[in-house]
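To start, the structure under review is shown below, and the notes come after it.
The values are calculated or read from the model by the stated rules, or taken from the named source; none is laboratory data. Computed from a predicted model, the values in this text were never measured in an experiment. Cβ atoms come from the backbone with ideal geometry, glycine included; neighbour counts cover every protein chain shown.
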Amino acid sequence: MTPRERVHAALRREPVDRIPVFLWLHPVTVRRLSSLLEVPPSRLADCLGDDVRQTWVGNNHAMEGITHAMEGDTHTDDWGIEWVRVGEFNQILRAPLQDAAPAAVRSYSFPYESVEGLLARMATVASLSPRYFVGCDISPCLFEMICRLRGMEQAILDLAEDPSLAAHLLHRAAAFGVRLGEEACRRFPLDWLWTGDDVAGQRSMIMSPSIWRAMIKPHLRQVVQVGKAHRVWVAYHCCGAVRPIIPDLIEIGIDVLNPVQCDCPGMDARDLKREFGRNLAFMGGVDTVDLLPNGSPRAVRGATEELLEIMTGDGGGYILAASHTVPPETPTENIFALYAAAGIPKEEIFDAAAGIRKGLASGGRGEGR
């Protein structure tokens with residue numbers, strides 16, 4: 001099967017030759033593995049056998065797609081948010097609307113003038129269709145986007161103290177997300193549209209489910225319907241204890257839920273699969289907090305194989321991934337153990353790398369997979 005065929009079959013609960021994989025690696029981890037395999041970072045996913053090719057056109061590019069060389073380096077994105085490198089990650093240094101008066105908040109303009117530049121990031125990924133399963137990430141679209149503009153504390157206060165102002169910003173954020181989604185679906189050979197909104201913490205939702213249903217859900221429905229209208233799968237990312245709203249996500253048309261943090265309340269993989277597996281596919285679940293960085297390769301492989309058994313018990317509906325970006329401190333052998341559980345042994349990865357190196361040396365792209 002081609003990677004694209006494999007993912008589509010898994011999402012349709014049809015037989016696959018192996019479980020599809022889409023693993024997110026921290027840039028430091030990418031550089032380490034690329035050096036070990038002696039291939040360019042841009043070809044690492046080909047070596048590892050990842051089935052999905054995706055990039056950001058939304059604000060997550062500012063957080064995850066820009067890698068600064070030095071601690072303390074900064075950049076300002078198209079939304080006016082200032083970011084700074086802290087440790088190995090970018091964090092928000094200044095939220096442009098955090099101290100803004102209500103009138104200034106209402107007059108804020110989303111960066112429609114940057115749409116062409118944002119969508120241009122899809123060019124390389126789109127060129128990999130139809131062999132690979134191609135996704136476009138327009139997240140975050142709603143509450144998390146407002147948090148980045150207002151600061152999380154103020155965004156939460158707005159929901160309680162000035163709901164009309166919060167509703168205004170959410171409406172504007174949704175409209176921009178719809179625009180990005182429409183343009184991406186129209187221009188590129190997408191297999192899924194990826195959206196997301198972190199509305200939950202490690203123990204519970206950030207807001208009550210009733211507030212989410214009243215203020216967030218209608219806007220998310222609009223974004224989801226973009227993908228549905230273009231007949232592509234719709235994937236949704238939300239960290240944490242999102243269990244109370246999973247039935248709502250299914251109702252509005254979400255096809256795939258990520259990242260399945262199984263250590264959060266209500267997010268046990270076996271329970272999720274039993275309750276929602278007929279109507280919802282899952283991507284994620286391999287622990288990045290303790291198991292991957294601290295476990296042994298044997299423990300990683302064993303836990304991953306158990307997760308695969310749980311998540312594919314109905315014949316599919318699962319894409320293997322970690323519960324978030326694989327952190328830099330993860331031992332290399334643990335990463336290989338994760339892939340081995342999916343049927344991609346270490347030897348196969350090194351063979352693929354050798355093929356790529358050979359092809360590049362002869363002036364081509366390299367064999368890859």
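Annotations
- Figure legend. Inter-residue proximity from the stretch 89-112: first residues without any contact (Cβ under 8 Å) to a residue 24 or more places away in the chain, second residues of a type in the set (D, E, K, R), beta-carbon distance below 6 Å, spacing 6+ or different chains. Indicated pairs: LEU93/GLU82; ARG94/GLU82.
- Cβ pairs under 8 Å, 6+ apart, first in the stretch 160-171 and closer than 12 Å to PRO102 by Cα and modelled with pLDDT of 95 or more, second of a type outside the set (A, V, I, L, M, F, W, C) and buried (at least 16 other Cβ atoms within 10 Å of the Cβ): LEU165/ASP158; ALA166/ASP158; LEU169/TYR108; LEU169/ARG150; LEU169/ASP158
- Matching residues, the stretch 302-315, being within 24 Å of the chain's Cα centre (by Cα) and not in a loop (DSSP other than H, G, I, E, B): ALA303, THR304, GLU305, GLU306, LEU307, LEU308, GLU309, ILE310, MET311
- Filter result (more than 26 Å from ASP73 (Cβ to Cβ) and surrounded by 11 or more Cβ atoms within 10 Å (Cβ to Cβ)) within the stretch 109-118: TYR112, VAL115
- Comparison of ARG4, ARG12, ARG43, ARG18 shows that the only residue that is outside the structural domain of LEU128 (by TED's automatic domain parsing) and over 28 Å from ILE310 (Cβ atoms) is ARG43.
- Residue-level check: of (1) without any contact (Cβ under 8 Å) to a residue 40 or more places away in the chain; (2) outside any loop (DSSP other than H, G, I, E, B), ARG4 misses just (1).
- Taken over the stretch 288-301, the criterion of being of a type outside the set (A, V, I, L, M), surrounded by 15 or more Cβ atoms within 10 Å (Cβ to Cβ) and in a helix (DSSP H, G or I) is satisfied by PRO293, PRO297, ARG301.
Each row is one residue, and each column tells you yes or no for (1) modelled with pLDDT under 95; (2) among the aliphatic types (A, V, I, L, M); (3) crowded, with 23+ Cβ neighbours inside 10 Å.
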residue	(1), (2), (3)
ASP198	no, no, no
ALA214	no, yes, no
LYS217	no, no, no
LEU220	no, yes, yes
ALA229	no, yes, no
CYS238	no, no, yes
ALA241	no, yes, no
PRO247	no, no, no
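- Test: residue in the stretch 81-90 that is in the same structural domain as LEU169 (by TED's automatic domain parsing), within 21 Å of ILE146 (Cα to Cα), buried (at least 20 other Cβ atoms within 10 Å of the Cβ) and touching a Phe, Trp or Tyr at 6+ places or on another chain (Cβ under 7 Å): yes
- Residue match in the stretch 176-186 (condition: β-branched (Val, Ile, Thr), crowded, with 17+ Cβ neighbours inside 10 Å and either out of contact with any His (no Cβ under 8 Å at 6 or more places or on another chain) or in a loop (DSSP other than H, G, I, E, B) (or both)): yes
- A single member of ARG150, ARG106, ARG172, ARG121 is surrounded by fewer than 18 Cβ atoms within 10 Å (Cβ to Cβ) and out of contact with any Ser or Thr (no Cβ under 8 Å at 6 or more places or on another chain), and it is ARG106.
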